Amino acid sequence: MIRFLQTPGPIKKIVLGGMLIVICIAMLVYLIPSGNGTSGNSSVQTVATVEGSDITATEVRNTARQMAQQQAARYGAQASMIMPFLMQQATQQAADQLISKQILLGQAQHLGLRVTPKEIQDELQHGRYAATFFPGGNFIGESEYNEMLTRADLTPALFEDSVGNDILIGKLQALIAGGASVSDSEVRKEFAKQSTKVKFDYAVLKQDDLRKGLHPTDAELQAYYESHKKTYANSVPEKRKIKYAVLDLNQVRGTVQVSREDLQAYFDQHRDQYRVPEQIKVSHIWIKSPLPAADGKVDEKAVADAQHRAEDLLKQLKGGAKFEDVAKKSSEDPGSANVGGSLGWIGKGQTTPEFEKAAYALSKGQTSDVVKSSDGFHIIRLDDKHEARLKTVDEVKDGRRSKRSDRPDPEAAEGCAGCAERSRRAVDASQGCWIGRRGRDGKNSGDQLRLLRPQGYPARLGTGGAVYGCGLHRGGQISAGDGAHIAGVRGISVARH
């Protein structure tokens, strides 16, 4: 395949075009959100899954932090002030970068491209890392090498894998670019585009100087206005005055009573909402299986070596080694190794079938033997377990009462005071508005009610004895205005905001 792409000819261009289309389609597929932003791990969030590999929120944060720090270095003493803004800006860029990188790695592997340990060593010794790890051509030493990577929150395996991935992507880019050809006419056209210069004369006219020489007559102004009437249509927005009601939310809440029968009826109608599925809290040590070669075959010797390493780690655990220490040192799961192998709480259907079967068969505190799954070899420890159950009415009643308390009784609204019919007409005329409570300290307390409106132009105003008032423009614009206190409301719905 590679030799074919290195030979000239029209067929090669068709093949390269097809490869680029496949890569673009793969990027579209993987960049469409799957609707599931997190994995079963409560502590490790999965942003995307590309080519079978998870891109975690931790990876995105670390990459975004590096990008933000590089940008912040240009701002000197002000760097710490703008760092939050730079982090926010860099987060999306980091996610896109990691997803694109994983897609390119997958395509490179599909084409049979590989990176050898010798190539990684050459890159470290003679490439962009040479000055850091091989100053003057001499290695800095294993201990200092590990210490530098630790300060960067990396392990040698993770760092060298990253270097290998960069080499692999470079090979893919070289393969595609190597087959591209540029004609002489295209070179001349681009040269002319970048080198062409224009010389021109210009004059600077100041608006104030021009106005000094302009003295239009009333007739000229009237004629201009008549010919441009359409541009002045609706230039002055429509305004409306409204009347609004002040409701004391605490007073309304005090009139609502939720009986035991109400709670039981609601609970019976919504039982499925209160079912708690069976969950287990697990930790694991993961030794990955080697990926298949270009011909689809798996190196059985490499598989046996991976299993042997997993069995050695199990022997260490049985010999008294602490599970968390072994996981941090030897687990190949970058998402859980740094937290002692903890995957947090997971449910059924969130792991491979072999992993799930072994994990759910364990007792609390028990560690499994080496479990072979489709993605490698695992040593699993069950940290805790919650059986599937249905919550009781007593467990959910407080939340239900809170919801019911936020729903005022129409009779209570009617009983606030008189003037009910006048209030209804006022609210209908205003098309509804937002009302909120202001505390004695002059600040908004956060309690707000919304008068539901059939069509509606929402406006914000305060309540609780200090009313801001509101005016209303069509199209949602709001201006200050005077409102009248109305004591009661009838014939409208009141909902908590």
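Taking the residues in the stretch 176-213 that are of a type in the set (G, A, S) and not in a helix (DSSP H, G or I) as candidates, determine which candidate is surrounded by the most Cβ atoms within 10 Å (Cβ to Cβ).
So, considering only residues that are of a type in the set (G, A, S) and not in a helix (DSSP H, G or I), the one surrounded by the most Cβ atoms within 10 Å (Cβ to Cβ) is G179.
Determine if the stretch 140-154 includes at least one residue that is free of Cβ contacts under 8 Å to residues at least 24 places away in the same chain, loosely packed, with under 12 Cβ neighbours inside 10 Å and among the polar types (S, T, N, Q). Looking through the stretch 140-154, at least one residue is free of Cβ contacts under 8 Å to residues at least 24 places away in the same chain, loosely packed, with under 12 Cβ neighbours inside 10 Å and among the polar types (S, T, N, Q). Pairing residues of the stretch 67-92 that are under 19 Å from A152 (Cα atoms) with residues that are β-branched (V, I, T) and exposed (fewer than 15 other Cβ atoms within 10 Å of the Cβ), at Cβ distances under 8 Å and at least 6 apart in sequence or on separate chains, gives A72/I82.
The residues listed here are E324, E354, E311; of these, the one that is in contact with a Ser or Thr (Cβ under 9 Å, 6 or more places away or on another chain), of a type in the set (D, E) and either over 30 Å from Q107 (Cβ atoms) or in the same structural domain as L111 (by TED's automatic domain parsing) (or both) is E324.
Taken over the stretch 77-92, the criterion of being more than 19 Å from A57 (Cα to Cα) and small (G, A, S) is satisfied by A77, A79, S80. Set side by side, the residues D398, D384, D394 differ, and just one is at pLDDT 90 or above and surrounded by fewer than 15 Cβ atoms within 10 Å (Cβ to Cβ), which is D384. Picking from residues in the stretch 261-288 that are out of contact with any Asp or Glu (no Cβ under 7 Å at 6 or more places or on another chain) and assigned to a loop (DSSP other than H, G, I, E, B), the one that is farthest from A337 (Cα to Cα) is H270.
Condition check ((1) assigned by TED's automatic domain parsing to the domain that holds D312; (2) surrounded by 11 or more Cβ atoms within 10 Å (Cβ to Cβ)) across all residues:
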site: Y232; (1), (2): no, no
site: D248; (1), (2): no, yes
site: Q273; (1), (2): no, no
site: S289; (1), (2): yes, yes
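Consider G170 carefully, then state whether it is part of a helix (DSSP H, G or I), surrounded by 12 or more Cβ atoms within 10 Å (Cβ to Cβ) and either without any contact (Cβ under 8 Å) to a residue 24 or more places away in the chain or touching a Phe, Trp or Tyr at 6+ places or on another chain (Cβ under 8 Å) (or both). Yes, satisfied.
The values are calculated or read from the model by the stated rules, or taken from the named source; none is laboratory data. Nothing here was measured: the structure is a model prediction, and the numbers come from that model. Here Cβ is always computed from backbone atoms with ideal geometry, including for glycine, and neighbour counts include all displayed protein chains.
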